[in-house]
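I have placed the structure first, in the form of structure tokens, so that the comments after it can refer back to it.
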Amino acid sequence: MLYENERKQIVEACLEMARKGLVVGTAGNVSIRVGEHVVISPSAVPYEEMTPADVAVVDRAGMQIEGNFRPSSECKLHLSVYANTDAGAITHNHAPASTALGLVVEDEIPVSHYYSMLFGGPIRVAGYSLFGGKKLADEVTAALEGRTAALMSNHGAITIGKSLSQALELLPYLEYVCEIHLRALATGLPVKILSEDEMAEAGAGVAGYGKKEN
Ligand SMILES: [Zn+2]
């Protein structure tokens, strides 16, 4: 079996997202880039039943090379991000706070908490397009420029990292930032936003976070 280790990591990552309450059913997908191939979670396989042999291996054009099941329905999105960034791994989910914030914010989440700097600056919100399509892939890829996370309007969220553990580690921070911003908005009071200088200072301060390689 090709990439057995990476395929085990994919199964583990899906289970971890489920344990942390970041996915509903199988509404999340993860992948790892290995050279000219991408190892990606399969479509519609319950996480608790998924085995490494079920995990799909595709080439950079999306042609399936191995795996008992078809690759995730968001395979185009994963391939587009790999083609345009230096990401080594991707996680995508429909966690409640990030999804909710993507329903009400048009372009980007202002930096209200300094954790936003973990993602490279204000988190952008990609415009809505039907799941699984090329237009969504293009929108989300553009929203990720210079960032390690993006929200997807009326859909969910995505994180990228050099390794899968790095992309996974960002998820709870993303959900936290979105949750507190939502709570602050819900008060109806003005939300205090960091200045450019404060953002730069915080960016330098959090540079060591989420950088674990494996
Ligand atoms: Zn999705």
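The values are calculated or read from the model by the stated rules, or taken from the named source; none is laboratory data. The model shown is predicted, which means the values in this text are computed figures rather than measured ones. Using ideal geometry, Cβ is built from the backbone for each residue, glycine included, and neighbour counts are taken over all protein chains shown. SASA here: full protein model, heavy atoms, side chains in, ligands and nucleic acids out. Shrake-Rupley method; radii C 1.70, N 1.55, O 1.52, S 1.80 Å.
Against the chain, whose longest principal axis comes from its Cα atoms, helix 75-84 is set at around 70 degrees. Look at the dipole of segment 4-206 built from charges on Cβ: of Ala18, Ile90, Ile160, the Cα furthest out on the positive end belongs to Ala18. For Glu66, the amide hydrogen comes within under 5 Å of the amide hydrogens of Val57, counting only partners 5 or more places away or on other chains and with H modelled in the peptide plane. For the chain, with all protein chains in place and a probe radius of 1.4 Å, 55% of the accessible heavy-atom surface sits on carbon or sulfur. Volume per residue of the convex hull around the Cα atoms, evaluated for segment 38-163, comes out as 107 Å³. Specify whether the C-alpha gyration tensor of segment 92-135 places it in the rounded, prolate or oblate class, a ≥ b ≥ c being the square roots of the eigenvalues: rounded for a/c under 1.5, otherwise prolate if a/b is larger than b/c and oblate if not. Prolate. Across all directions, the average flat footprint of the convex hull enclosing the Cα atoms of the chain is 10.9 nm².
Pairs of alpha carbons in segment 150-214 separated by more than 20 Å make up 44% of all such pairs.
Pairing the Cα long axis of helix 134-143 with the longest principal axis of the chain, what angle in degrees results, from 0 to 90 and rounded to the nearest 10? Between helix and principal axis, roughly 40 degrees.
Could you list, in their original order, any pairs among Lys20/Lys192; Lys20/Lys135; Lys20/Lys162 whose Cα atoms are separated by more than 25 Å? Exceeds cut-off: Lys20/Lys192; Lys20/Lys135. Only protein heavy atoms count here; on that basis, with a 1.4 Å probe, Ser112 has an accessible area of about 30 Å².
Separation of segment 56-134 from segment 5-25 is 16 Å, based on Cα centroids. Rolling a 1.4 Å probe over the heavy atoms of the protein chains gives segment 40-150 an accessible area of 41 Å² per residue.
Accessible area ranking (1.4 Å probe, heavy atoms, ligands and nucleic acids excluded), largest first, for His78, His155: His155, His78. Applying the Karplus relation 6.51 cos²θ - 1.76 cosθ + 1.60 with θ = phi - 60° to segment 184-189 yields 3J(HN,Hα) values of 5, 4, 5, 6, x, 7 Hz, where x marks Gly and Pro.
Dividing the helix sum by the residues of the chain, where each DSSP H run of 4 or more adds -39500 (n - 2.57), gives a mean residue ellipticity at 222 nm of -11500 deg cm²/dmol.
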